[in-house]
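S.K.: One structure, pasted below without further comment.
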Amino acid sequence: MTDKQQPRPGTLAVWAGETSKDLWQRATQIPVVHSVSFGYQDLDQWQNVALGKEEGHIYGRNTNPTVHAFEEKVRILEGAEAATSFATGMAAVSNGLYTFLKPGDRVVSVKDTYGGTNKIFLEFLPRLGVEVALCDTTDHEAIEAEVAKGCRILYLETPTNPTLKVIDLARLAQAGHKVGALVIVDNTFATPINSNPLQLGVDLVLHSATKFLGGHADALGGVICGSAELIEQIYHYREINGATLHPMAAYLLLRGMKTLHLRIRHQNESALKIAQFLQQHTAVDQVFYPGLPDHPNHDIARRQMRGFGGVLSFMLRGDFDTVRRFMPRLQYAHAAANLGAVETVVAPPRTSSHVESSRAEREAMGIPESLIRYSVGIEDSDDLIADLEQALAVT
Ligand SMILES: *Cc1c(COP(=O)(O)O)cnc(C)c1O
């Protein structure tokens, strides 16, 4: 071995960002720094830190050592130059958009973005005089045509919620850059273990850290990674507007991330097995999982992802009453509006991601009433399959 070997994701998940010089009393773990401000006797040093000429922290809304360690871990796993964090995933989405938009600008995105993101596109941005064009999610020609008309931001999300569509990021990043657009991707469903959008040419990658990054359904958070120049602008916007990640949440997310690689590898494997099981079951009408060879975007997924993720969805034969009978029978699944946890979590879009849409709107989006989103936890997949089997027996 000549060159020093680059550490791999499993090693990075454990060690990246954990090199803080500020570990106290020889603690091996990053402490939770519950301090609003950081004191300086030396006024010149205070000024230098405040002006960013010297490393350090001034005030908790801006930066904090625990929060910084979390940002570093995600930054390194995404292979980015810089990262900044937020109180929630939606704060990452909104701050990422508002930092760069002004009245008269145009945004191109897709119809299948996360519910909250979709609200920003349909309600808040138009109110500020920003035009938004939402394309059919996997119609790459249509997206390219909208982008070619000119736009400030091309905003993408892949795989999508809840029908797991996959978008060709390298292709669309190219289309965006031709018109000078910033290309932003929500990588929450893929995680940095399965996909690194920055390496496909995208400018900014964001996560709801609430989901797979934290992985334990006990802390909210968000993060954006990209070039130092772009992140500096987003950081400035967030610092002033105030959607700061709490140090305790940062600690929980950081601890959760140490097992990110283990969890995602296991969840990838289980989700594929479960998707295959459901696909052959007579009570199931259709299964949506990009790892299945007959998924319409399977080839794109194979090209740009290292694993297909821990979320799948499936349609029961029947209607919402079938879902009503089926869901309470599951023993190993929280019925809740969340995903990416160590426990399996199930939710029908009708009561979770698309609760605010009407039945007709859901239908138009290709979301049938009998659809169920199934976020695979880290349980033994044989037990999850047996659990699904007994619950499907009553449909
Ligand atoms: C949950 C989620 C968000 C929003 O994250 P919060 O932490 O709930 O604010 C954004 N994008 C995707 C894909 C999500 O699943």
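S.K.: Between V179 and F320, with labels modelled 7 Å along Cα→Cβ, what's the label distance in nm to one decimal, could you check?
M.R.: 3.7
S.K.: Moving to a separate point now. As a check on your grasp of the helix formula, calculate [θ] at 222 nm for the chain: sum -39500 (n - 2.57) over DSSP H runs of n ≥ 4, divide by the residue count, round to the nearest 500.
M.R.: -10500 deg cm²/dmol
S.K.: Would you mind checking which residues have amide H under 5 Å from A335's amide H? H placed 1.01 Å from N; only 5 or more apart, or other chain.
M.R.: HN-HN under 5 Å from A335: V346.
S.K.: Hey, can you grab everything whose amide H is under 5 Å from the amide H of D186? Only 5+ residues off in sequence or another chain; H modelled, so Pro and N-termini drop out.
M.R.: Distant-sequence amide H within range of D186: L156, E157, T158, L206.
S.K.: Could you report the accessible area of I143 in Å², rounded to 10, computed with a 1.4 Å probe on the protein chains as they sit in the structure?
M.R.: Taking all protein chains as shown, I143 has close to 0 Å².
S.K.: Name the residue farthest towards the positive end of the dipole of the chain from the options L198, A250, Q29, assuming +1 on Cβ of Lys and Arg, -1 on Cβ of Asp and Glu, about the Cα centre.
M.R.: Result: Q29.
S.K.: Taking a cut-off of 29 Å, what percent of all Cα-Cα pairs in the chain are separated by more than that?
M.R.: 44
S.K.: Further question: Most fluctuating residue of V185, V32, V376 in a GNM of the chain with Cα springs under 10 Å: which is it?
M.R.: V32
S.K.: Between the range 140-171 and the range 320-388, what is the C-alpha centre distance in whole Å?
M.R.: First find each Cα centre; the distance between them is then 26 Å.
S.K.: Report, ordered by chain and residue number, the aspartates and glutamates lying within cross-link reach of K211, taken as a straight Cα distance under 19 Å and ignoring same-chain residues fewer than 8 apart.
M.R.: The qualifying aspartates and glutamates are E71, E72, E78, D112, E157, D186, E269, E343, E379.
S.K.: Taking all protein chains together and a probe of 1.4 Å, list Y235, Y59, Y374 from the most accessible to the least accessible.
M.R.: Output order, biggest surface exposure first: Y59, Y235, Y374.
S.K.: Same structure, new question: For the range 304-345, state which trypsin sites (Lys or Arg not before Pro) are in a DSSP loop and have at most 16 other beta carbons lying within 10 Å of their beta carbon.
M.R.: Counting only loop positions with at most 16 other Cβ atoms within 10 Å, the trypsin sites (Lys or Arg not before Pro) in the range 304-345 are R306, R317.
S.K.: Mind putting a number on the dipole of the range 96-217 about its Cα centre? Charges go on the C-beta only, +1 for Lys and Arg and -1 for Asp and Glu, and I need it in Debye to the nearest 20.
M.R.: Roughly 280 debye, rounded to the nearest 20.
S.K.: How large is ³J(HN,Hα) for each residue in the range 109-122, as worked out from phi by the Karplus curve 6.51 cos²θ - 1.76 cosθ + 1.60 (θ = phi - 60°), to whole Hz, x for Gly and Pro?
M.R.: 8, 10, 6, 8, 6, 3, x, x, 5, 4, 4, 4, 5, 8
S.K.: Per-residue HN-Hα couplings for the range 127-143, Karplus 6.51 cos²θ - 1.76 cosθ + 1.60 at θ = phi - 60°, whole Hz, x for Gly and Pro?
M.R.: Values per residue, Gly and Pro as x: 4, 8, x, 9, 7, 10, 10, 9, 9, 4, 4, 10, 8, 4, 5, 5, 5 Hz.
S.K.: Using only the alpha carbons of the range 166-247, what is the convex hull's orientation-averaged projected area in square nanometres?
M.R.: 6.3
S.K.: Something else now. Pop out the ³J(HN,Hα) list for the range 377-389 in order, Karplus 6.51 cos²θ - 1.76 cosθ + 1.60 with θ = phi - 60°, rounded to Hz; leave Gly and Pro as x.
M.R.: x, 9, 5, 5, 5, 4, 5, 5, 5, 4, 5, 5, 4
S.K.: Over 32 Å between C-alpha atoms is what I'm after, so list which of K111/K258; K73/K165; K119/K273 land there.
M.R.: Distance filter (> 32 Å) returns K111/K258; K119/K273.
S.K.: At a temperature of 4 °C and a viscosity of 1.567 mPa s, determine how fast the range 1-137 diffuses translationally according to Stokes-Einstein, using the Kirkwood radius over alpha-carbon pairs as Rh; express D in µm²/s, rounded to the nearest whole number.
M.R.: Answer, rounded: 70 µm²/s.
S.K.: Loop-only check: which trypsin sites (Lys or Arg not before Pro) in the range 17-96 are DSSP coil with at most 11 other Cβ within 10 angstrom?
M.R.: In loop regions of the range 17-96 (DSSP not H, G, I, E or B), the sparsely surrounded trypsin sites (Lys or Arg not before Pro) are K21, K53.
S.K.: Reachable aspartates and glutamates from K149, Cα under 18 Å, same-chain residues fewer than 8 places away excluded?
M.R.: D105, E131, D136, D139, E141
S.K.: Using amide H atoms built 1.01 Å from N in the peptide plane, name the residues 5+ places from C135, or on other chains, whose amide H lies under 5 Å from its own.
M.R.: Answer set, sorted by chain and number: S109, V110, K111.
S.K.: How high is the relative contact order of the range 293-370, in percent, with contacts defined as C-alpha pairs under 8 Å that are six or more residues apart?
M.R.: 25
S.K.: For helix 65-78, report the angle its Cα long axis makes with the longest principal axis of the Cα atoms of the chain; keep it between 0 and 90° and round to the nearest 10°.
M.R.: Relative to the chain, helix 65-78 is tipped by roughly 60 degrees.
S.K.: Filter the trypsin sites (Lys or Arg not before Pro) in the range 159-256 to those in DSSP coil with at most 14 other Cβ atoms within 10 Å of their Cβ, and list the result.
M.R.: Here no loop site has a sparse enough neighbourhood.
The values are calculated or read from the model by the stated rules, or taken from the named source; none is laboratory data. Not measured: the values here are computed from a predicted model. With ideal geometry, Cβ positions are generated from the backbone for all residues, glycine too; neighbour counts draw on all protein chains shown. Side chains included, ligands, DNA and RNA excluded: accessible areas come from the protein's heavy atoms. Shrake-Rupley method; radii C 1.70, N 1.55, O 1.52, S 1.80 Å.
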